[in-house]
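> Got a structure here, written out as structure tokens. Questions coming.
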Amino acid sequence: MLLRAALITTLLGSVTADKPHIMLMLADDFGWTNIGLHTQDQEVQTPNMNSLAASGVELDRHYAYKFCSPTRCSLQSGRYPVNVNVLNVEPTVHNPSDPVGGYAGIPVNMTTIAWKMRSAGYRTYMTGKWDAGMATPTHTPMGRGYEQWLGYYHHANDYWTEGLPVTSTGTVDVCGNAYIDLWSTDGPANTLNGTAYEEELFTNHSLAMIKNHDPSEPMFLFHSFHLVHTPLQVPQSYLDEFDFIRWSPWQRKPYAAMVKYLDDALGMLVEAVKDKGMWENTLMVFVSDNGGPIYFPAGANNYPLKGGKMSD
């Protein structure tokens, strides 16, 4: 299990709601040394993360599971992975002899953070990667307590088409990887897939949630980035900013560009909350689901820590 860092910013000043707004930002496959807080390397450009760390608190003894789905199931259920899910299986897996826990993700009898937040009077919004079950309506983000969601169910999809090619999933499914995995609350987001870079769609969705939120009500926003998980895809304008990275391995350049995109998106969300007048009563948590992957074709950097994603 790789040591992870969490950036917590809490500025409790003038109150616009009885309870603080909470923004939980979850990065995917983010390396320990892929934040400017931990390196002076010019290929790491994260001014927004650095600023949050400088004005908040860094938790540098924060632990997470070694890969995606168990961490996400743990985060949503509030339980150790060993007590909820330790497998990174496809969301279509089913054990018919176990109607409670015989599906990928969180067993249906477990409570989740979004339902707890709603019981405390929070409005609950989600954007991005789920990877905590999809077999029945109860397994979905809405079944787990979120009021609105735009995102995808699998471990990864294509950033441009939202399809599920082998380069995204690593496997060939029973339908020959012909699915499109992009959903808007209760149905397919079939007017959005293929229209823009996926993280642009996600950023715009969370920005809309913030813009339309009533500040007198406490907000719980869970923004689950696809970035910086494979496939290593990013707009060309971001790649161009890192043309100075010319040595091998090749994946360092797109990974660095994707980290920059993630940081820019994070900065936009922070500014939106400030513009809304909610920042002084907001707790923001930024964390990664696991260590950065250092196997092919990923391009993370965890130095001086040993190992990475998939390491115990």
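> Take the Cα atoms of the chain, build their convex hull, and give its volume per residue in Å³.
Working: hull volume 39.9 nm³, N = 312.
So the per-residue hull volume is 128 Å³.
> Which of the aspartates and glutamates could be linked to residue 260 by a straight reach, that is with a Cα gap under 16 Å, when you skip same-chain ones fewer than 8 residues away?
Candidates past the 8-residue exclusion: 28, 29, 41, 43, 198, 199, 200, 240, 241, 243.
> Once you place label points 7 Å from the Cα toward the Cβ at residue 87 and residue 251, how far apart are they in nm?
So the two model labels end up 2.5 nm from each other.
> Quick check on packing: order 48-60, 20-32, 258-270, 193-205 by the mean number of other C-beta atoms within 10 Å, highest mean leading.
Details: 48-60: 17.1, 20-32: 23.8, 258-270: 22.1, 193-205: 19.2.
Per-residue Cβ counts within 10 Å, averaged per peptide and sorted highest first, yield 20-32, 258-270, 193-205, 48-60.
> Something else now. Work out from phi, with θ = phi - 60° and the Karplus expression 6.51 cos²θ - 1.76 cosθ + 1.60, the ³J(HN,Hα) of each residue of the stretch 113-125, listed in order in whole Hz, and give x for Gly and Pro.
With coefficients 6.51, -1.76 and 1.60, one gets 4, 5, 5, 5, 5, 5, 5, 8, x, 7, 8, 10, 10 Hz.
> Follow-up question, since we're still on this one. Give me a comma-separated list of calculated 3J(HN,Hα) values for the stretch 194-205, in order, Karplus coefficients 6.51, -1.76, 1.60 applied at θ = phi - 60°, integers in Hz, x for any Gly or Pro.
The phi angles translate into x, 8, 6, 4, 4, 5, 5, 4, 5, 4, 4, 5 Hz.
> Given the DSSP H assignment, sum -39500 (n - 2.57) over each helix run of at least 4 residues in the chain and divide by its residue total; what's the result at 222 nm in deg cm²/dmol, nearest 500?
For the chain, the value works out to -7000 deg cm²/dmol.
> For the stretch 174-235, report the % of Cα-Cα distances exceeding 17 Å.
Numbers: 1034 of 1891 pairs.
Summing the P(r) of the stretch 174-235 above 17 Å gives 55 percent of all pairs.
> Let me ask another. How large is the accessible surface per residue of the chain, computed with a 1.4 Å probe and reported in Å² as a whole number? Write down the numbers at each step before the final one.
Numbers: 13220 Å² over 312 residues.
For the chain, the per-residue accessible area is 42 Å².
> Quick one: which residues, 5+ away or cross-chain, put their amide H under 5 Å from the amide H of residue 103? H built at 1.01 Å from N.
95
> Can I ask one more? For the chain, calculate the relative contact order in percent as a whole number, restricting contacts to Cα pairs under 8 Å that are 6 or more residues apart. Don't skip to the end; give the middle numbers.
Values: 689 pairs, mean separation 102.3, N = 312.
Relative CO of the chain lands at 33 percent.
> Report ³J(HN,Hα) in whole Hz for each residue of the stretch 247-256, in order, from the Karplus equation J = 6.51 cos²θ - 1.76 cosθ + 1.60 where θ = phi - 60°; Gly and Pro get x.
Per residue, the Karplus-derived 3J(HN,Hα) values read 9, 7, x, 4, 6, 5, 5, x, 5, 4 Hz.
> Give me the percent of the accessible area of the chain that comes from carbon and sulfur atoms, probe 1.4 Å, all protein chains in place. List each step's numbers first, then the result.
Details: 7380 of 13220 Å².
The computed percentage sits at 56.
> Run the reach check for residue 116 against lysines, Cα to Cα strictly under 20 Å, same-chain hits fewer than 8 apart removed. What comes back?
Candidates past the 8-residue exclusion: 19.
> A further question follows. Normalised by the residues of the stretch 44-193, what does the relative contact order come to in percent, with Cα pairs under 8 Å and at least six apart?
Numbers: 237 pairs, mean separation 23.9, N = 150.
For the stretch 44-193, the relative contact order is 16 percent.
The values are calculated or read from the model by the stated rules, or taken from the named source; none is laboratory data. This one's a predicted model, so the numbers in the text were calculated from it and none came from an experiment. Note that each Cβ is placed from the backbone with ideal geometry, even for glycine, and that neighbours are counted across all protein chains shown. Surface accessibility is based on the protein's heavy atoms, side chains included, excluding ligands, DNA and RNA. Shrake-Rupley method; radii C 1.70, N 1.55, O 1.52, S 1.80 Å.
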